[in-house]
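Working notes for the structure below.
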Amino acid sequence: MSEQHHQSDKDPVSGVNTTGHEWDGLKELNNPAPRWWLIVFLITVVWAIGYWVVYPAWPTLSGHTQGLWAWTQFKQLDEQRQEIAARQNTIAPRFDDASLEDIVKDPELQAFARAGGAVAFRNYCAACHGSGGAGGPGYPNLNDDSWIWGGKLDQIYATIAHGIRAHDDPETRQSEMMAFGKDGLLSAQDIGTVADYVLSLSGKNETPLPDAAKTKGAEIFAANCAACHGEAGQGNIDLGAPALNDALWLYADTREAIVAQINKPKHGVMPAWGKRLDERTLKQLTIYVHTLGGGQE
Amino acid sequence: MSDPDPAIDLAGHDIQFFEKRPKVYPRDATLKGKFRRLKWVVMAALLAIYYFTPFLRWDRGPHVPDQAVLIDIPHSRGYFFMFEIWPQEVYVLTGLLVLAAIALFAVTSVLGRVWCGYACPQTVWTDLFVKVEYWIQGDRNARMKRDAAPLTFEKVWKKLATHVVWLVIGLMTGGAWVFYFHDAPTLLHDLLHFQAPTGAVGWMAGLTLSTYFMAGYARENICTYACPYARFQSAMFDKDTLVISYDRTRGEPRGKHKQGDGWEGRGHCIDCKQCVVVCPVGIDIRNGLQLPCIACGLCVDACNDVMDKVGLPRGLVRYDTDRNQRARDDARACGKTYQENIRIIRPRTIYYAVILLVVGGLVLYALLSRQPFEMHVLHDRNPLYVKLSDGSIRNNYAIKLLNKTHHDKDFSVQLVDAPQAQMKFVGVDGNIIHVPADAVSQFRVSVDFPASPLLQARRTLVLMATDLETGKTTNVESLFVTEDKR
């Protein structure tokens with residue numbers, strides 16, 4: 001600060017004293033900040049120095065200063081995960097010995113399984129089945145009462161653990177529908193006839209089927225399809241053959257979709273989750289899927 | 001303002017980079033004054049309410065806190081004597097806050113800033129802190145002299161003692177606060193045995209320091225610079241609002257007065273400055289109504305005391321309305337008498353009263369008509385609906401049943417006006433739901449409608465819960481969806 005004279009340095013327009021500094025005829029007014037403001041400012045400076053000391057702050061050539069507390073986000077995350085694990089461990093170990101039926105009967109275990117299963121479902125299953133389990137063409141809806149491989153607790157568990165047509169699990173659900181059209185087992189006309197007949201099982205035809213076509217279709221169905229799908233098209237969960245006489249379709253309820261499937265069937269694949277998830281998670285997923293609404297007793 | 005700006009030290013050689021506010025040294029107002037006495041009474045009553053309320057008990061039965069006023073944050077419950085609220089009913093608190101605000105507006109429109117002058121915590125604690133200063137350090141002149149004097153042993157211990165007492169009061173203030181959030185006797189025991197929860201200790205420390213700084217240092221600056229209420233109170237003022245006023249036509253021209261001199265040709269103000277030195281916000285009321293004035297009336301007491309001594313009528317400084325002041329001045333100008341007239345009933349007060357009654361009625365209605373149970377129904381959105389193998393349509397719902405009583409209850413839940421539909425609870429046989437005392441139970445419910453061309457894309461679905469103990473019912477409207485509407 002230069003020693004300038006301050007006497008009578010009052011700005012004539014505003015009546016405010018000046019600091020005595022002058023640049024090209026402009027004088028700086030002296031409107032000081034309140035003292036409390038200055039004090040708070042100094043406190044924040046001191047506080048900031050405290051941060052440098054205890055937290056990572058300054059870059060160095062090979063990294064940064066660690067600070068007295070050696071705090072990192074990874075450590076914090078680890079601590080939080082341990083905390084959560086510790087809380088879950090009050091209940092989670094009971095899943096090791098409990099059977100699926102035991103879990104369903106115990107309200108506390110059931111609630112835990114539903115919550116844990118919901119998280120696991122969103123992590124592992126939602127990509128194909130949808131976050132609400134509603135599925136899509138080729139991916140079954142898990143909320144309804146139709147199950148290709150069975151909707152009882154142990155059946156759902158087996159499907160999740162071993163998958164469907166999973167190449168790496170010998171116990172996987174395995175089924176294959178023959179390519180009736182591509183391999184020349186049925187003529188194009190017969191495929192059309194039997195497709196019409198299949199549609200008639202659930203009353204989906206656009207126009208009522210003539211009796212002659214119905215008889216012919218029934219014959220072809222009995223000879224080629226009934227072995228797996230059942231005489232009335234009711235399906236067979238042991239073979240993974242979907243029911244054809246209900247309102248639900250894995251792909252679509254149109255004639256084209258049915259013809260395409262008979263001609264050259266699509267075969268969906270589900271991974272064997274038993275190879276990736278632990279026993280507790282598999283049980284929780286089973287309970288969750290079972291309680292979505294379609295679980296069978 | 002005609003005060004010299006303390007920041008500008010023209011005689012010195014350095015320029016200050018901060019503005020030091022002049023400290024206010026209120027003289028301990030005479031105990032004879034009725035407003036001073038009123039302030040003591042109000043302070044005693046308010047502090048008593050604040051410190052003792054948490055220790056009041058109120059029997060609510062077993063397993064429920066018996067503290068009359070308690071905000072139980074871990075269990076998310078609020079207790080106020082016979083009333084109990086859940087987080088869902090926090091609108092009652094909103095109503096109470098609105099009620100408090102309107103009541104404040106109504107009082108302000110009639111009596112001016114009485115809240116500021118008598119009841120505001122900032123005023124009450126500042127008053128207490130100034131009194132502590134007075135007890136330990138003496139009155140205004142002694143304090144000013146000591147502050148200007150160099151450091152002596154006597155100055156050090158008196159200052160130290162003042163701050164220690166302030167901190168103790170602050171600690172009690174913060175201490176009382178946390179009692180509203182815990183069982184008070186238990187917490188007191190824990191505090192005395194150094195076993196109190198960290199949260200409570202943290203709050204106490206914070207409130208101790210804030211009390212210390214607010215009432216010890218910030219004082220009138222809060223009212224003048226920080227308080228939003230002080231800023232918008234002028235919106236509630238009108239010509240009939242009581243304000244502290246100086247009777248200018250009677251007081252001026254002011255001047256010193258010797259005993260025995262006459263009063264001819266001069267005003268009644270003897271310029272003794274007693275109204276200035278007692279003022280807790282450091283203003284001169286003779287300059288007229290000013291922004292920092294909190295209407296505490298201490299200058300009224302001081303002036304009345306002086307008027308008594310010099311044998312003049314009281315009321316040179318007084319609570320009066322703008323309308324009265326003008327009427328009086330006009331009357332004096334033409335040598336007439338005038339009639340004092342305090343109008344309390346006027347449009348402003350009438351509509352404040354109406355709002356007060358309406359909001360008060362609503363809050364009371366909400367509290368008295370409180371249902372002992374509640375049902376919430378949330379329609380699943382993912383998936384919106386499920387088609388079943390027979391073509392029927394299923395919708396899923398999450399149902400919450402709130403049992404606000406202090407004993408277990410059973411409820412039945414059924415559909416209203418949907419005979420064709422089927423309802424099923426997931427994991428429960430039948431439709432009887434058990435909800436433990438003072439708890440919320442959550443259930444999943446599926447509702448199936450058979451396939452029918454008559455089924456609308458969307459229809460409302462009404463669910464009814466029946467309290468099997470009392471037979472009371474509650475209906476909740478939800479939605480049933482049968483197809484995507486895109």
Calculated FRET value between residue B:21 and residue B:160, using beta carbons and R₀ = 22 Å, to 0.05: 0.40
Rg followed by Dmax, in Å, when the protein assembly as shown is reduced to its Cα trace: 41.3, 137
Which is the longest run of chain B containing none of the GluC sites (Glu not before Pro) found in DSSP loop states (not H, G, I, E, B) with at most 15 other C-beta atoms within 10 Å? B:1-263
If each residue of separation counts as 0.36 nm, what is the full-extension length gain between residue B:406 and residue B:341 once their alpha-carbon separation is subtracted? 17.8 nm
When the label point is put 7 Å from the Cα of residue B:229 along its Cα-to-beta-carbon vector, which residues of segment B:102-133 have a backbone N closer than 12 Å? B:102-108, B:113-124
Cross-link candidates for residue A:283: which aspartates and glutamates have Cα within less than 13 Å, leaving aside residues fewer than 8 places away along the same chain? A:96, A:97, A:101, A:102, A:154
Gaussian network model of chain A, Cα within-10 Å springs - most flexible of A:53, A:16, A:45: A:16
Here the FRET efficiency for residue A:48 versus residue B:210, based on Cβ atoms and R0 = 22 Å and rounded to 0.05, is 0.45
What is the distance, in nm, between label points placed 7 Å from the Cα along the Cα-to-Cβ direction at residue B:101 and at residue B:144? 4.2
Packing-ranked peptide list from A:273-282, A:194-203, highest mean Cβ count within 10 angstrom first, is A:194-203, A:273-282
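Explain nothing, just the number: dipole magnitude of segment B:373-481 about its Cα centre with +1 on each Lys and Arg Cβ and -1 on each Asp and Glu Cβ, in debye rounded to the nearest 20.
Magnitude of the dipole: close to 420 debye.
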Can you list the lysines whose alpha carbon sits under 28 Å from that of residue B:472, skipping same-chain ones fewer than 8 residues off? B:400, B:404, B:409, B:424
Can you put A:186, B:461 in order of Cβ neighbours within 10 angstrom, beginning with the fewest? A:186, B:461
For segment B:373-481, what does the equivalent ellipsoid look like in terms of its semi-axes, each the square root of 5 times an eigenvalue of the Cα gyration tensor, given largest first in whole Å? 27, 13, 12
Just counting partner chain Cβ atoms within 10 Å, what average do the residues of peptide B:445-451 show around their Cβ? 1
Trypsin sites (Lys or Arg not before Pro) in segment B:296-343 lying in a DSSP loop, each with at most 15 other Cβ atoms within 10 Å of its Cβ, come to B:314, B:336, B:343
Residue-averaged 222 nm ellipticity for chain B, from DSSP H runs of 4+ at -39500 (n - 2.57), nearest 500: -12000 deg cm²/dmol
On C-alpha positions alone, give me the angle between the axis of helix B:153-179 and the longest principal axis of chain B, in degrees, nearest 10. 20
Listed by chain and number, the lysines with an alpha carbon less than 25 angstrom from that of residue B:155, same-chain partners under 8 positions apart left out, are B:20, B:23, B:131, B:145
With contacts defined as alpha carbon pairs under 8 Å and 6 or more residues apart, what's the relative contact order of chain A in percent? 21
Select from B:373, B:393, B:463 the residue farthest towards the positive end of the dipole of segment B:373-481; place +1 on Cβ of Lys and Arg, -1 on Cβ of Asp and Glu, and compute about the Cα centre. B:393
Along Cα→Cβ, 7 Å out, is where each label goes; now give me the distance between the ones at residue A:91 and residue B:82 in nm to one decimal. 4.0
Site residue B:94, offset 7 angstrom along Cα→Cβ, radius 17 Å on amide nitrogen, limited to segment B:329-370, gives B:359-367
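Which order do peptides B:171-179, B:448-456, B:204-212 fall in by mean Cβ count within 10 Å, highest first?
B:171-179, B:204-212, B:448-456
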Given points 7 Å out from each Cα along the Cα-Cβ axis, report the residue A:22 to residue A:167 separation in nanometres with one decimal. 9.0
Just checking the output field for A:29-39: average partner chain Cβ neighbours within 10 Å of each residue's Cβ? 5
Report the FRET efficiency, 1/(1 + (r/R0)^6), for residue B:420 and residue A:236, where r is their Cβ-Cβ distance and R0 is 35 Å, rounded to 0.05. 0.65
Work out how much length residue A:70 to residue A:84 would gain on full extension: take 0.36 nm times their residue separation and subtract the Cα-Cα distance, in nm to one decimal. 2.8 nm
Extension length gain for residue B:284 and residue B:312 (0.36 nm per residue less Cα distance), in nm, is 8.0 nm
Proxy reagent accessibility, fewest Cβ within 10 Å first, across B:99, B:70: B:99, B:70
Arrange B:79, B:351 by Cβ neighbour counts within 10 Å, fewest through most, would you? B:351, B:79
GNM flexibility winner over chain A from A:77, A:185, A:26 (Cα, springs under 10 Å): A:26
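Computed from the coordinates by the stated procedures, all read-outs in this text should not be read as laboratory data. What you see is a predicted model; the values in this text were computed from it and never measured. Quick reminder, even Gly has a Cβ in these numbers, built from the backbone with ideal geometry, and neighbours come from all protein chains shown.
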